[in-house]
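Report on the structure given below.
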Ligand code: NAD
Ligand code: DAU
């Protein structure tokens, strides 16, 4: 079996659901259920004996040690993290605690467990650390995309905490020989994406008749990857990745934020038209994110060449599937827009100033 951390969050839940679509191998799913963790994401597994959910914190060393001894997993896939850049700007402490200290606790427990293994079990064990392209910082328009050898230059408390965790993972390989793998992926989107992030926020706000908040001029660029493509890449790295290596994962889909927001409005205009006008009328430019990275882009040739992985979805097919999923899953969105969510929306958007920005031609 494998142990997954953070498997009730957006990518973790998609990973677990996808895992069982391909495999009978059991999964132990350890998650603290922060505001971002949601057992409804895993509702279809409620009576599935392959899935064991454990409520717990990756900072709880004893709990992790006990789980490892009890279940003897052949691999750990580590998703658990605080993941939202804007929240890291308002309150970085949780990011340090989970992303740095939590990863450290998990590495320590994994080292003790792995060192006590022998033979094939020791040889086959893997610790796969799921990280982000944000550790590489920001690119100018003419810079080549991030490769695995790009120097780390994180700019937000979130990306700095992920960079620190990547360094710890690297050190556990070089110092102790722990068989680690690291993946650095670009922006994911798809089902179960918490509506604090750009794509699900725009869909939810558009449908509720609210403003569609675009930070600054909206010409920042992100590379977008449909979440099931990310899950497939992680499975490929887990099975065939070379120990100690890092793999960049991306969708070859560089888009400005404005073009993403426009694409979402156009899809909604088609699939759920308003009585008058277009969803584009709700777009509002607001104060920019402090330290906002201008451009991310991923050079994903290594994983393609060495592990034969390529994304299956285009941005157009993935975005349409995503919008259709949200239209069909109103109850999910309503449930996550709880009191805590409303407090966050107030904190982040209430005092944001509208800014006048010339629309790109
Ligand atoms: P998410 O915020 O949706 O989910 C995080 C999950 O981790 C939640 O279920 C939460 O309850 C759990 N968690 C948080 N703190 C915990 C702790 N101390 N102990 C145990 N569980 C804890 O995040 P996501 O978007 O699914 O991202 C998953 C991972 O992928 C993160 O490591 C993130 O850095 C990385 N990543 C995300 C993206 C993206 O676009 N979302 C892209 C690249 C990499
Ligand atoms: O690149 C990978 C990273 O992608 C992951 O490591 C992070 O966990 C994930 O949250 C994501 O980070 P971003 O900051 O790029 O994602 P977010 O959806 O928050 O924002 C995407 C872009 O949209 C970014 O340039 C900020 C902008 N934005 C975002 C929000 C929430 C807006 O213009 N308005 C908004 O309201």
Count of region 293-307 residues which are more than 16 Å from ligand 1 (Cβ to nearest atom) and over 19 Å from residue 182 (Cβ atoms): 1
Residue in region 270-287 that is within 16 Å of ligand 1 (Cβ to nearest atom) and in contact with a strand residue (DSSP E or B) (Cβ under 6 Å, 6 or more places away or on another chain) present: no
Residue within region 34-52 that is within 19 Å of residue 109 (Cα to Cα), part of a strand (DSSP E or B) and touching a strand residue (DSSP E or B) at 6+ places or on another chain (Cβ under 6 Å) present: no
Count of region 109-142 residues which are under 12 Å from residue 293 (Cβ atoms) and either away from ligand 1 (no atom under 15 Å from the Cβ) or part of a loop (DSSP other than H, G, I, E, B) (or both): 4
Odd one out for residue 195, checked against (1) in a helix (DSSP H, G or I); (2) out of contact with any strand residue (DSSP E or B) (no Cβ under 6 Å at 6 or more places or on another chain): (1)
When residues of region 143-187 are limited to those that are part of a strand (DSSP E or B) and more than 16 Å from ligand 2 (Cβ to nearest atom), the one surrounded by the fewest Cβ atoms within 10 Å (Cβ to Cβ): 181
Residue 213 vs. criteria touching a residue at least 60 places away in the same chain (Cβ under 8 Å), within 16 Å of ligand 2 (Cβ to nearest atom), more than 16 Å from residue 132 (Cα to Cα) and surrounded by 21 or more Cβ atoms within 10 Å (Cβ to Cβ): yes
Number of the exception - residue 73 against (1) closer than 18 Å to residue 26 by Cα; (2) more than 13 Å from ligand 1 (Cβ to nearest atom); (3) not in a loop (DSSP other than H, G, I, E, B): (3)
Selection from region 87-99 of residues that are surrounded by fewer than 18 Cβ atoms within 10 Å (Cβ to Cβ) and in a helix (DSSP H, G or I): 89, 90, 93, 94, 96, 97
All positions within region 307-342 that are part of a helix (DSSP H, G or I) and surrounded by fewer than 13 Cβ atoms within 10 Å (Cβ to Cβ): 316, 317, 328, 330, 331, 334, 335, 339, 340, 342
Single residue of region 207-233 satisfying the filter (assigned to a helix (DSSP H, G or I) and touching a strand residue (DSSP E or B) at 6+ places or on another chain (Cβ under 6 Å)) that is farthest from ligand 1 (Cβ to nearest atom): 233
Any hit, region 108-124, residues being more than 16 Å from ligand 2 (Cβ to nearest atom), under 24 Å from the mean Cα position of the chain (by Cα) and closer than 22 Å to residue 239 by Cβ: yes
Answer residue from region 234-269, given it is out of contact with any helix residue (DSSP H, G or I) (no Cβ under 7 Å at 6 or more places or on another chain) and assigned to a strand (DSSP E or B) and is farthest from ligand 1 (Cβ to nearest atom) among those: 256
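Since every read-out is calculated from the coordinates, none of them should be taken as a lab result. Because the structure is predicted, anything quoted here is derived from the model rather than measured. Neighbour counts are summed over all protein chains in view; Cβ atoms, including those assigned to glycine, are modelled from backbone coordinates with ideal geometry.
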